[in-house]
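Below is one structure; the comments refer to it alone.
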Amino acid sequence: MVMHKLERRLSAATELGTTAPPWRTQPRGLPALVSIEMWERFSFYGMQAILVFYLYADDGLGLSKQDATAIIGAYGAFVYLCCILGGFLADRVWGPERVLLSGATTVMVGHATLSFTNTATGLTFGLVMIGLGSGFIKTCAITILGQLYPADSHNATARKDFGFQLFYLSIQIGSLLGPLLTGYLADRYSWQLGFLAAAILMAIGVFSYAMLRPRMLAELNPAQRDLMLNPRAPLRRSQVTALISSAIVCSVLLGAIALRTSLTISALANGLLAVVLFSIVGLFGYLWRSPLTTAAERRQLTRFLPLFLSACIFWSVAYQNFGVFAVYADLKLNRNVGSFEIPAAWIQTLNPILVMALAIPVSLLRSALHRQASHTASTMAWGVIASAVAFLLFVPVSDGGPHSTPLVVMCAIAAIIALGELCIGPVGMAATATCAPSAHRTLFSALYFLNFAVGMAASGALSRFYDPENAAAERTYFLVTGLVTLTLGALLLLWQRYLRNKASSD
């Protein structure tokens, strides 16, 4: 009886999909993935919003501002490097869903560790756990979501694009509410209470996913369910144990050494950037040479390259929100609204507020314009240009005194970056699901997330040149970074137009 009802509901949904718009034909598994991603982002951004202040505060670890921002970049790069390990474990060891759940549990342990310690060792262990878990979740969530949209279904591209926009919207909800809660707790009570709140939020995410999971599995056909629950080519248990143990030990040792001296912290940001770039080249080469990758899929990899470069450049600017922008908000921004002073951590919520406000209109506009894959790279290049314009807006106000920059200027900067992000984030995710080789879907998702690793590592390396105590140096930093980014965005746009014209003439 239950199966009969389920079949009738699926049949009705299929019939509806032939006529209904994409927002009415989303898979029933979407809420489960939206839920765990939202709560993971809630805890992740909640912790990251207060981390940089904790690192240089007198009642925190008392590091210099340059070291604090460098650690933020290095930590972010580590998170996205862990996507490679997550993709490997999903494809070869446990399957995507088991890796997703283990990642959520690991994140929860990491946040709890930060809440009960106030030492460099505790910080290192906590950040390593959060980095590993977040990397696992990021890789597997996008892979599982892509499996919910069969390529042969009616209106598959429009449904997938809209579904990824909703998924991306869930990320923004988490990144909005997380800093509001942890920022308030850290500002009014203690750093540890803010970190504890992040651990509790991740626990809520695990529970909500467990409640919604049966609906997702019920909708999948046997082949899709097998890809989600089982690895394609399992490794032996001894190989798995050695792999995970080595990764954890190396990560903890590297982080512990990095936190001991300023020189090592600086070298860590640059070193991680080099590791990320090497990993990207290696992964692209592996996917290209794999016997399981077809000739058509290799052509897709070639088309994916300008999209990947656009995302790397954009996030190198946008991810300074957690380092340079946070320090600027703490020292230079006028955060008074009447008699109330906005906590510095709350400024980081401007971006998700604006992204959420603009996400649905931008998505509907793209659907109305029927954007094709050939226009995706141009859209992402415009996202890079938007980030450059936002950075240049800092130039005329950066030479003021403490708390002299009007709040409206920061709002304008956040709005432009939000528009750029909507040209980069969901568009890139959808393109990743489309271009992924069928035999390496999870690993290809890990490759996509390395553009975030490049952004975080590059932002950490660049932040070493940011000096909030020197007005001339601060203005030069914003001016040079903005102009270089603008030039790169224009070159990407011209490159894409050249490729499109060449393809149309052939």
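Between residue 337 and residue 495, the modelled label-to-label distance comes to 4.1 nm, taking each label 7 Å out from Cα in the direction of the beta carbon. Remark: 111, 440 ranked as 440, 111, counting other beta-carbon atoms within 10 Å and listing the fewest first. Using the Cβ-Cβ distance between residue 229 and residue 357 with R0 set to 30 Å, the FRET efficiency from 1/(1 + (r/R0)^6) comes to roughly 0.20. Once you have a ≥ b ≥ c as the square roots of the Cα gyration tensor eigenvalues for the range 308-461, tell me rounded if a/c is under 1.5, and otherwise prolate or oblate according to whether a/b is larger than b/c. Verdict is prolate for the range 308-461. As an exercise, use a Förster radius of 30 Å and the Cβ-Cβ distance of residue 288 and residue 217 to find the FRET efficiency, rounded to the nearest 0.05. Computed FRET efficiency for residue 288 and residue 217: 0.35. Counted by Cβ distance under 14 Å from residue 455, the other residues give a net charge of 0, where Lys and Arg count +1 and Asp and Glu count -1.
Counting charges near residue 410 (Lys, Arg +1; Asp, Glu -1) among other residues having Cβ under 13 Å from its Cβ returns a value of +1.
Spin-label model, residue 407/residue 116: points 7 Å from Cα along the beta carbon direction are separated by 3.9 nm. Ranked by the mean number of other Cβ atoms within 10 Å of their residues, highest first, the peptides 140-146, 339-345, 99-105 come out as 140-146, 99-105, 339-345.
A short reminder: the numbers here are calculations on the coordinates, not readings from a lab. No experiment lies behind these values; they were computed from the predicted model shown. Glycine gets a Cβ as well: all are built from the backbone with ideal geometry, and neighbour counts include every protein chain shown.
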